[in-house]
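Enquirer: Sharing a structure here in structure tokens format.
The values are calculated or read from the model by the stated rules, or taken from the named source; none is laboratory data. What you are looking at is a predicted structure, and each value in this text was computed from that prediction instead of being measured. Cβ coordinates were reconstructed from backbone atoms using ideal geometry, including for glycine residues, and neighbour counts include every protein chain displayed. Heads up: the accessible areas ignore ligands, DNA and RNA and are worked out on the full protein's heavy atoms, side chains in. Shrake-Rupley method; radii C 1.70, N 1.55, O 1.52, S 1.80 Å.
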Amino acid sequence: MSDPTSPVAGLATPYRTHTCGALRASDAGSPARLAGWVHRRRDHGQLIFIDLRDRHGLTQVVIDATDSPEAHEIASRARSEFVVTVAGEVARRLPGTENPRLPTGEIELRATEVTVLNEAKTPPFYINDPDAPIDETLRLKYRYLDIRREAMQRRLELRSRLVQAIREVHHASGFVEVETPNLIKSTPEGARDFIVPSRLQPGEVYALPQSPQQLKQLLMVAGVDRYFQIARCFRDEDLRGDRQPEFTQLDLEMSFVDEATVMDFVERMAIEVSRAVVPERTLLATPFQRFTYHEAMERFGSDKPDVRFAMELVDLAPEIRGTAADGAPASGFRVFDEALAGGGRVKAITVPGLGDAPRSRIDELTEAAKRFGARGLAHLSVEASGSVKGPIVKFLGEDLAERLAARAGAKPGDLVLIVADSSAVTNDVLGRLRAELGTQLGLADPDVLAYAWVHRFPMYQWDVENGRWDATHNPFSGVLPEDEVLLTTTSGDLAQPTPDDPAGRARAMQYDIVLNGWELGGGSVRIWRHDLLERSFALQGYSRERMQNMFGAMLEAFEYGAPPHGGIALGIDRWAALLAYQVNIREVMAFPKTQSGSDLMLDAPSEPDPAQLAELGLQFVGVPNRTG
Ligand code: ASP
């Protein structure tokens with residue numbers, strides 16, 4: 001008998017006694033009824049075979065014309081994707097015809113009754129062939145058929161397990177799950193709002209939340225202490241592989257915490273969740289590595305480093321500076337010397353095994369470096385004999401070339417790639433080359449999950465255009481306690497920020513969690529003191545009036561006793577995609593949108609009914625007539 005404790009055992013209904021994945025050799029001789037879709041039908045004249053499919057699996061059904069002429073006749077008319085229910089007796093398959101790849105592969109159902117519950121048109125793509133290429137547009141238009149495919153079913157199941165595991169850890173850790181509204185006032189997260197016009201208050205709009213940021217902070221003022229939510233967020237920005245206009249975040253906030261408390265909890269939660277959802281994957285390094293933003297940029301050229309492989313950035317300046325008695329750079333290669341003399345950097349990465357790369361490969365890498373913003377890319381190849389070659393050796397001399405290669409950690413057979421530019425460009429270009437080469441050369445083990453933290457980002461960056469300090473991450477983030485003084489000693493008029501304000505040096509209590517080179521989430525300990533919050537917003541260029549208009553509720557709430565608090569949000573879509581080995585979050589979303597924000601299945605967005613517009617007092621102006 002099938003295991004009565006199995007979670008699918010309770011799925012029996014009038015249409016089925018078992019699911020299509022349940023029957024085993026131990027069920028042989030028992031009666032059973034199954035229901036599902038015709039995955040494949042093979043007509044052998046006397047015998048018809050139907051592979052019957054539901055989410056739980058496939059079972060082979062055999063209908064014999066001699067035993068059951070009526071069932072045989074109905075089965076002969078069934079086509080792919082017809083919905084049927086079949087009943088009969090479970091039998092062991094004949095020796096030699098078992099299918100070891102199917103959990104039900106030892107048995108078949110000898111059906112004496114076949115009922116077609118519903119017919120189906122021929123689907124626009126093969127549902128029963130996992131390798132058949134399918135046009136992406138068709139997949140999205142007929143998403144309900146796409147989801148019938150096993151790979152999609154497994155990914156949605158994985159996502160469901162992920163959310164379940166998240167809920168379990170939070171409930172066990174004293175969190176309360178609270179739903180916050182979707183019709184709210186703007187909560188800026190650096191993107192455009194989606195707005196919803198109000199019918200009851202004509203001329204006014206709600207904003208859909210870019211995140212529940214303000215609401216969760218208000219819940220802390222309300223004494224909820226530990227909140228979490230699987231929250232839908234909406235951001236009107238251009239789409240990429242890891243972005244959709246609406247997406248789901250694990251959003252959480254905790255009271256009476258510092259940076260370490262939040263990071264420690266999230267780290268433990270991420271480990272428990274990963275172990276529960278994908279126990280077969282290897283977790284790299286627990287506790288997770290923690291880098292300051294500065295260190296991440298120096299070592300990996302990225303604030304979301306993939307730490308599954310090394311290939312770290314190496315500073316070549318000490319060797320180059322040593323070339324002159326007074327410390328002035330005199331390597332003989334003008335590009336290096338000028339970069340250092342001008343306050344820039346000369347840094348390298350060492351690519352294992354590419355030492356004998358042909359000219360065309362070097363050209364490709366140089367093109368990539370230029371695309372990433374460098375003026376050029378220098379290289380040194382270490383030959384098998386250990387001698388260092390490359391077009392710049394004639395400027396550097398063999399001795400310095402060898403010392404640079406040695407400093408970069410290159411071994412015979414390796415290639416050293418060097419960028420000389422401003423600090424920001426040098427780190428960024430090498431960081432991108434590192435990420436690209438790591439994937440191309442298979443240095444990053446796909447089975448490994450490498451979580452890491454990057455924290456202590458600069459709180460502000462100067463916005464030249466608008467003459468203000470923009471928050472690099474969250475406008476509500478607090479700064480490190482030792483940097484608070486930089487906010488309060490801001491020179492001159494608060495309402496007139498200048499690029500020389502000491503606040504520019506303040507480091508935020510901001511932490512990002514990174515997984516395999518993706519930013520999985522970010523959060524911060526917030527400014528919870530009313531005076532500091534006002535100052536921070538002023539630096540960010542908010543006038544008192546605008547501050548009141550946008551964050552009035554929060555500013556007022558902070559006058560009624562706000563506890564120290566902090567939190568984070570993690571992208572559930574990204575997390576599920578990474579756990580499911582996917583590079584596009586669409587693959588773990590049931591009904592995603594296209595690059596241009598369309599739902600091809602529902603045909604959204606679409607023109608509104610004129611009556612709806614009239615009711616809202618709205619009129620489109622300057623929109624080309626789409627029907628004309
Ligand atoms: N609200 C932030 C975001 O959506 C996360 C946080 O700071 O908690 O990125």
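Enquirer: Only residues that are within 17 Å of THR472 (Cα to Cα), away from the ligand (no atom under 15 Å from the Cβ) and not in a helix (DSSP H, G or I): list them for the stretch 513-555, please.
Expert: Of everything in the stretch 513-555, those that are within 17 Å of THR472 (Cα to Cα), away from the ligand (no atom under 15 Å from the Cβ) and not in a helix (DSSP H, G or I) turn out to be GLN540, GLY541, TYR542.
Enquirer: Would you be able to tell me the number of residues in the stretch 441-486 that are within 15 Å of the ligand (Cβ to nearest atom), over 20 Å from ILE527 (Cα atoms) and of a type in the set (S, T, N, Q)?
Expert: Residues meeting the conditions: 0.
Enquirer: Next question. Mind checking which residues of the stretch 346-386 are hydroxyl-bearing (Ser, Thr, Tyr) and within 20 Å of LEU443 (Cα to Cα)?
Expert: Listed by number, the residues that qualify are THR350, SER381.
Enquirer: Return the pairs, sorted by first residue and then second, in which the second residue is not in a loop (DSSP other than H, G, I, E, B) and not aromatic (Phe, Trp, Tyr), the first residue lies in the stretch 398-419 and is without any contact (Cβ under 8 Å) to a residue 24 or more places away in the chain, the beta carbons are less than 8 Å apart, and the residues are 6+ apart or on different chains.
Expert: GLU398/VAL388; ALA401/LEU380; ALA401/VAL388; ALA401/VAL393; GLU402/VAL388
Enquirer: Restricting the stretch 247-271 to residues that are away from the ligand (no atom under 13 Å from the Cβ) and not in a helix (DSSP H, G or I), which is surrounded by the most Cβ atoms within 10 Å (Cβ to Cβ)?
Expert: SER255
Enquirer: For PHE125, all conditions in the list (1) assigned to a loop (DSSP other than H, G, I, E, B); (2) loosely packed, with under 14 Cβ neighbours inside 10 Å; (3) free of Cβ contacts under 8 Å to residues at least 24 places away in the same chain hold save one; what is the number of the exception?
Expert: (2)
Enquirer: Consider only pairs whose beta carbons are under 7 Å apart and that are at least six residues apart or on different chains; among these, list those whose first residue lies in the stretch 186-210 and is over 17 Å from MET547 (Cβ atoms) and more than 14 Å from the ligand (Cβ to nearest atom) and whose second residue is of a type in the set (Gly, Ala, Ser) and open to solvent by 50 Å² or more (accessible area, probe 1.4 Å).
Expert: These pairs meet every condition: PRO202/GLY617; GLY203/GLY617.
Enquirer: Between residues in the stretch 1-29 that are within 25 Å of LEU117 (Cα to Cα) and at pLDDT below 95 and residues that are in a loop (DSSP other than H, G, I, E, B) and open to solvent by 60 Å² or more (accessible area, probe 1.4 Å), which pairs lie under 9 Å by C-beta distance while being six or more apart or on different chains?
Expert: ALA9/ASP3; GLY10/PRO4
Enquirer: Would you kindly identify the helices (runs of 4 or more DSSP H) lying entirely within the stretch 336-442 that contain at least 1 residues that are β-branched (Val, Ile, Thr)?
Expert: Correct list: 359-371, 393-396, 423-440.
Enquirer: For GLN244, all conditions in the list (1) under 26 Å from VAL588 (Cα atoms); (2) open to solvent by less than 10 Å² (accessible area, probe 1.4 Å) hold save one; what is the number of the exception?
Expert: So the condition that GLN244 fails would be (2).
Enquirer: Go over the candidates ASP193, ASP225 one by one and state the one that is in contact with a Ser or Thr (Cβ under 8 Å, 6 or more places away or on another chain) and at positive phi.
Expert: Among ASP193, ASP225, only ASP225 is in contact with a Ser or Thr (Cβ under 8 Å, 6 or more places away or on another chain) and at positive phi.
Enquirer: To continue, here is another question. Can you go through ASP421, ASP501, ASP493 and tell me which one is modelled with pLDDT under 90, crowded, with 18+ Cβ neighbours inside 10 Å and either among the small types (Gly, Ala, Ser) or away from the ligand (no atom under 16 Å from the Cβ) (or both)?
Expert: ASP501
Enquirer: Report whether or not LEU570 is under 19 Å from the mean Cα position of the chain (by Cα), buried (at least 23 other Cβ atoms within 10 Å of the Cβ) and aliphatic (A, V, I, L, M).
Expert: So LEU570 passes the test.
Enquirer: If a residue has to be hydrophobic (A, V, I, L, M, F, W, C) and assigned to a helix (DSSP H, G or I) to count, how many in the stretch 149-201 make the cut?
Expert: Residues in the stretch 149-201 being hydrophobic (A, V, I, L, M, F, W, C) and assigned to a helix (DSSP H, G or I): 10 in total.
Enquirer: On the basis of being surrounded by fewer than 17 Cβ atoms within 10 Å (Cβ to Cβ), more than 18 Å from LEU252 (Cα to Cα), away from the ligand (no atom under 16 Å from the Cβ) and under 24 Å from the mean Cα position of the chain (by Cα), does GLU150 make the cut?
Expert: yes
Enquirer: Can you pull out every residue in the stretch 272-292 that is in a loop (DSSP other than H, G, I, E, B), over 28 Å from MET220 (Cα atoms) and modelled with pLDDT of 95 or more?
Expert: The answer is VAL278, PRO279, GLU280, ARG281.
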